[in-house]
Amino acid sequence: MMRCEEQLAEPELDKVASLRSQLPESQVLDRSVLAARDPGWDAGNLNAFALVRPGSVADVVELVSWCRAQRCAFVPQGGRTGLVGGAVTTPDQLICDLGALDKIEEIDPDSGIAVVQAGVTLGALQEAAAAFGLHPGLDLAARGSATIGGLIATNAGGITAFRTGVMRHRVLGLEAVLPDGRLVDDMTRVLKTSAGYDVKQLLIGAEGTLGIVTRAVIRLDPLPNGRATALLGLNGAAQALDIVRHLRGGSSPLLAAEIMWSGFAAVTCAAIGLDPAQLPLRSPCLLLVELGGASFEAARTALEEALAALAETEPDLDGVVCTSMAQSAQLWRLREDTDVLYRLHPQAPSYDISLPAREFDAYVARLRPALKAIDPAIEPYLFGHLADGNLHIVLNLSGPLRPDIRAAVDTAIYGELRGLGGSFSAEHGIGNKRIAALQRHADPVKVALMAQIKTLFDPDNLCNPGKIIA
Ligand code: FAD
Ligand code: S2G
Ligand code: ZN
């Protein structure tokens, strides 16, 4: 078995030596170390010739300058939970891992803001903010690993977006190292600033192709003291929307409204060992809802009262209201343990679309036969964030698909979205997996402008090349 260094081309070996001459040994990991590391969600994340973990913003500036001098492409990485290949690397590239920039510099409860470094995980920020009775207005299943820098880069959405917006609505200030090595400091801590072009909004959702996010000011909202969860069995998304509308009209804040079709729930239920007899799996759809309140008991009472009122108009309403936070956590696993799909179907083709939620039933009713016409074996797993119209589709096939099959599936899934006012990419981004979809389904003038912006920011195309823009 050849040692990893021997697999490195001469120039890459020289680059590792050069990095090691300038940086502390502990900050530079070469391929022999990377090969033994968990690459995260995408197996291709750690294919680079080396990974550098800068210990400060100044180190990031210095590293980008080094990359420019060496004409070495670099890829920023945070938690490596990205789902569209935005962080994947090739052997000629360097990883800039922001994980060591993990300080929550300040939480100011009066202003309702947190000043954080890019490598802080969402879970760490949620925990620190909760100590002040606050939350960052973002939540998603990868909270334990996804970092603030990555969440900003992908303009992440998640569970609470219908109420608190997506990442671009949560960022009040931003600091980043541009591909030319300049540091842009736009770390405003206020809601209102209308001071020319909003450069930070270009960096949000740029997936590391326009610069490396190093710090941010994140807006915080009050956190309800208690929350109560229920899982309801329904006949479809329209009925689920009726329930969401009813709950949103109540006095307690609706915190979550996650939909799952029964095919998805049956698989995750089996994987986590829940008793299917305890769940409304006979229904075509399941809706996981969560209400906030002054305490768990208050939230649970409000939820039970709201559902009792609903039962008058929805007599066939079937479901369970959690009697403990432990039971709630189990139901959340039913929705969040999506990795079981990829264990069953390695590299399963997955889609992340958005459309008006009232269109879900009709869209799914057309989608199922359209997919079966391509391959009778296709039974899509369907789940998502109902209240903001974000539908996740994972095929029960192991990928990658044959190109002709892939094209037919893309057409079946994406074809009508623009006409419905939806999006072919709702919250995960483009990465290197959705470039063809961007070119086919986005406005051509918009795509041309993106390429011009990329050239303006990164004329040498060293900053995460090959992502978003081919
Ligand atoms: P990485 O995977 O490390 O990188 C992702 C992209 O951001 C890459 O293009 C990378 O180059 C870039 N990047 C990373 N750090 C920086 C930085 N500091 N500066 C510039 N660019 C940077 N996403 C949602 O939106 N909603 C969900 O509900 C959701 N659920 C998920 C559930 C699971 C189980 C998993 C595994 C993922 C889920 N995701 C979801 C996707 C993922 O968590 C998000 O895309 C997240 O934003 C990625 O953050 P990260 O730190 O892991 O970034
Ligand atoms: C979710 C991530 C899982 C997936 O669960 O909300 O954003 O595979 C998704 O799409
Ligand atoms: Zn999601």
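Tell me yes or no: at least one residue of region 413-429 is more than 30 Å from Ile243 (Cβ to Cβ), in contact with an Asp or Glu (Cβ under 9 Å, 6 or more places away or on another chain) and in contact (Cβ under 8 Å) with a residue 24 or more places away in the chain. Yes. Screening Ala87, Ala131 for residues that are out of contact with any helix residue (DSSP H, G or I) (no Cβ under 7 Å at 6 or more places or on another chain) and closer than 30 Å to Arg335 by Cα leaves exactly one candidate, Ala131. Scanning region 342-356 for residues that are over 20 Å from Gly429 (Cα atoms) and either within 15 Å of ligand 3 (Cβ to nearest atom) or not in a helix (DSSP H, G or I) (or both) yields His345, Pro346. Which pairs turn up if I take residues in region 449-470 that are away from ligand 1 (no atom under 15 Å from the Cβ) and look for partners that are part of a helix (DSSP H, G or I) and of a type in the set (Phe, Trp, Tyr) with beta carbon separation below 9 Å, at least 6 apart in sequence or on another chain? Listed pairs, sorted by first residue: none to list.
Among the residues of region 326-341, the one identified as open to solvent by 30 Å² or more (accessible area, probe 1.4 Å), under 13 Å from Val394 (Cβ atoms) and outside any loop (DSSP other than H, G, I, E, B) is Asp339. Of the residues contained in region 255-267, none is found to be farther than 18 Å from His392 by Cβ, touching a helix residue (DSSP H, G or I) at 6+ places or on another chain (Cβ under 8 Å) and open to solvent by 10 Å² or more (accessible area, probe 1.4 Å).
Testing Ala298 on (1) open to solvent by 10 Å² or more (accessible area, probe 1.4 Å); (2) among the small types (Gly, Ala, Ser); (3) part of a helix (DSSP H, G or I); (4) within 20 Å of Leu334 (Cα to Cα), one condition comes back false. Which one is that? With respect to (1) open to solvent by 10 Å² or more (accessible area, probe 1.4 Å); (2) among the small types (Gly, Ala, Ser); (3) part of a helix (DSSP H, G or I); (4) within 20 Å of Leu334 (Cα to Cα), Ala298 is out only on (4). Name the single residue, out of those in region 268-284 being in contact with a helix residue (DSSP H, G or I) (Cβ under 6 Å, 6 or more places away or on another chain) and either open to solvent by less than 10 Å² (accessible area, probe 1.4 Å) or assigned to a helix (DSSP H, G or I) (or both), that is farthest from Gly384 (Cα to Cα). Among those that are in contact with a helix residue (DSSP H, G or I) (Cβ under 6 Å, 6 or more places away or on another chain) and either open to solvent by less than 10 Å² (accessible area, probe 1.4 Å) or assigned to a helix (DSSP H, G or I) (or both), it is Pro276. Candidates are the residues of region 364-393 that are among the β-branched types (Val, Ile, Thr) and touching a strand residue (DSSP E or B) at 6+ places or on another chain (Cβ under 7 Å); the one that is farthest from ligand 3 (Cβ to nearest atom) is Val364. Picking from residues in region 109-123 that are within 14 Å of Gly173 (Cα to Cα) and not hydroxyl-bearing (Ser, Thr, Tyr), the one that is most open to solvent (accessible area, probe 1.4 Å) is Gln117.
With respect to the conditions (1) surrounded by 19 or more Cβ atoms within 10 Å (Cβ to Cβ); (2) within 16 Å of ligand 3 (Cβ to nearest atom), Leu172 lacks only one, and its number is (2).
The values are calculated or read from the model by the stated rules, or taken from the named source; none is laboratory data. Keep in mind the model is a prediction, meaning the values are calculated, not measured. Glycine also receives a Cβ, built like all others from the backbone with ideal geometry; neighbour counts cover every protein chain displayed. To get the accessible areas, we keep the full protein, side chains included, count just its heavy atoms, and leave off ligands, DNA and RNA. Shrake-Rupley method; radii C 1.70, N 1.55, O 1.52, S 1.80 Å.
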